[in-house]
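Working notes for the structure below.
The values are calculated or read from the model by the stated rules, or taken from the named source; none is laboratory data. Just so you know, these numbers come straight off a predicted model, no measurement behind them. Don't worry about glycine lacking a Cβ; one is built from the backbone with ideal geometry, like all the others, and counts go over all protein chains shown.
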Amino acid sequence: MRISHASNSFKPKPFGRFKSALSLFVLAKVVYLPMVQRVLLVLVWLGLGAQLWAQTTDPSEEQEDDLRSYFMTGPPPRGGYSYLMQAQISAPHLVLNEANARAFDAIVQAELSCQRLIFPKFYLGLQGRYTAFNIFYPPIAPGTNNTGISDIVSHTWAVGPKISYMWVDKSGVAFMPSLSGGYSEIRYTGIVQMDYTGSLYHRTVQDQGWYLSGWAKLLYFPFEDLNAALSMGAGLTYFSHQFSKSALNLDGMDELQNLSDNGGTLHLDLGLGILIYLGRRR
């Protein structure tokens, strides 16, 4: 349906008044600047004036199509949108190493990433992640007098680049594998230990390393008025940190004595998330 053009009478909108004031300010500044800067500011002023004039008319069909490209509903086009934001909550399950997998159980893993379309179907950006595990066994009483309780929790922060590929089906379902990696830091809290005088104190263990994570997700687009999708997927995450039973005062536990604590940490991740697409489609 074609929309008729409005008259070219000057009817600035509130944002148009701001542009008018800004244009007058730029014009006033020209008087006090050298010649080269004057020319540049005049060009800026002319550009603002052109945009202000464009606001006095209703958009044509081509302008409507251009606007619709930013806010199109339903699944994204096969080429993708310019930006992709992802938020995800998942449940990690430790697989390796043996002692770590036996000693700790999952609390939560949360991720947030922002990526830009660099090639058709390929996104590149930055990801941040937080992962938490707690001691699987009942809280541990250090020493023999049972006067203190260790309730150990591991906190892992990770940040690094992320690359994704998105394949979209005509039915509105998409498949997205991704790979991320970078710097990671882990901190164990809630460790209660006894010193040589028999007094109890709290201790924190900290370590750094690198991580590598791969994911495979299925996307579904149920929203009619939002550029958003629901995601469900599985992934694997490797962290170079080597778990140490003695560092956490767990080497005396019978259940862990014959289990190796060598090597990095590997956990399987199962998660749900939401994806939001922004920017001009490609």
Here is a check on your reading of the model: is residue 195 of a type outside the set (Phe, Trp, Tyr), closer than 19 Å to residue 251 by Cβ and either assigned by TED's automatic domain parsing to the domain that holds residue 251 or in contact with a Ser or Thr (Cβ under 7 Å, 6 or more places away or on another chain) (or both)?
yes
Selected residue (only one of 261, 251 is more than 32 Å from the chain's Cα centre (by Cα) and assigned to a loop (DSSP other than H, G, I, E, B)):
251
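Of everything in the stretch 240-262, what is surrounded by fewer than 14 Cβ atoms within 10 Å (Cβ to Cβ) and out of contact with any helix residue (DSSP H, G or I) (no Cβ under 7 Å at 6 or more places or on another chain)? Give them in sequence order. Give the steps one after another, and end with the answer.
From the stretch 240-262, those surrounded by fewer than 14 Cβ atoms within 10 Å (Cβ to Cβ) are 246, 251-252, 254-255, 257-258, 260, 262; that's our starting set.
Across the stretch 240-262, the qualifying residues are 246, 251, 252, 254, 257, 258, 262.
So, in the stretch 264-282, how many residues would count as being farther than 30 Å from residue 139 by Cβ, not small (Gly, Ala, Ser) and not in a loop (DSSP other than H, G, I, E, B)?
Applying the first criterion (farther than 30 Å from residue 139 by Cβ) to the stretch 264-282 yields 272-282.
Among the residues that remain, those that are also not small (Gly, Ala, Ser) are: 272, 274-278, 280-282.
The next check asks that each one be not in a loop (DSSP other than H, G, I, E, B); those that pass are 272, 274-278.
Result for the stretch 264-282: 6.
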Residue among 237, 204 that alone is surrounded by fewer than 17 Cβ atoms within 10 Å (Cβ to Cβ), among the hydroxyl-bearing types (Ser, Thr, Tyr) and in the same structural domain as residue 149 (by TED's automatic domain parsing):
204
Test for residue 183: is it among the hydroxyl-bearing types (Ser, Thr, Tyr) and either in contact (Cβ under 8 Å) with a residue 60 or more places away in the chain or not assigned by TED's automatic domain parsing to the domain that holds residue 266 (or both):
no
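Determine which member of the set 221, 243 is in the same structural domain as residue 115 (by TED's automatic domain parsing), under 23 Å from residue 90 (Cβ atoms) and under 21 Å from the mean Cα position of the chain (by Cα).
Values: 243 fails: under 21 Å from the mean Cα position of the chain (by Cα).
On inspection, the qualifying residue turns out to be 221.
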Has the stretch 140-154 got any residue that is touching a Lys or Arg at 6+ places or on another chain (Cβ under 7 Å), of a type outside the set (Ser, Thr, Tyr) and surrounded by 16 or more Cβ atoms within 10 Å (Cβ to Cβ)?
no
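Here is a yes/no grid of residues against (1) closer than 21 Å to residue 149 by Cα; (2) in contact with a strand residue (DSSP E or B) (Cβ under 8 Å, 6 or more places away or on another chain); (3) of a type outside the set (Lys, Arg):
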{"position": "173", "(1), (2), (3)": "no, yes, yes"}
{"position": "187", "(1), (2), (3)": "yes, yes, no"}
{"position": "190", "(1), (2), (3)": "yes, yes, yes"}
{"position": "193", "(1), (2), (3)": "yes, yes, yes"}
{"position": "202", "(1), (2), (3)": "yes, yes, yes"}
{"position": "215", "(1), (2), (3)": "no, yes, yes"}
{"position": "218", "(1), (2), (3)": "no, yes, yes"}
{"position": "238", "(1), (2), (3)": "no, yes, yes"}
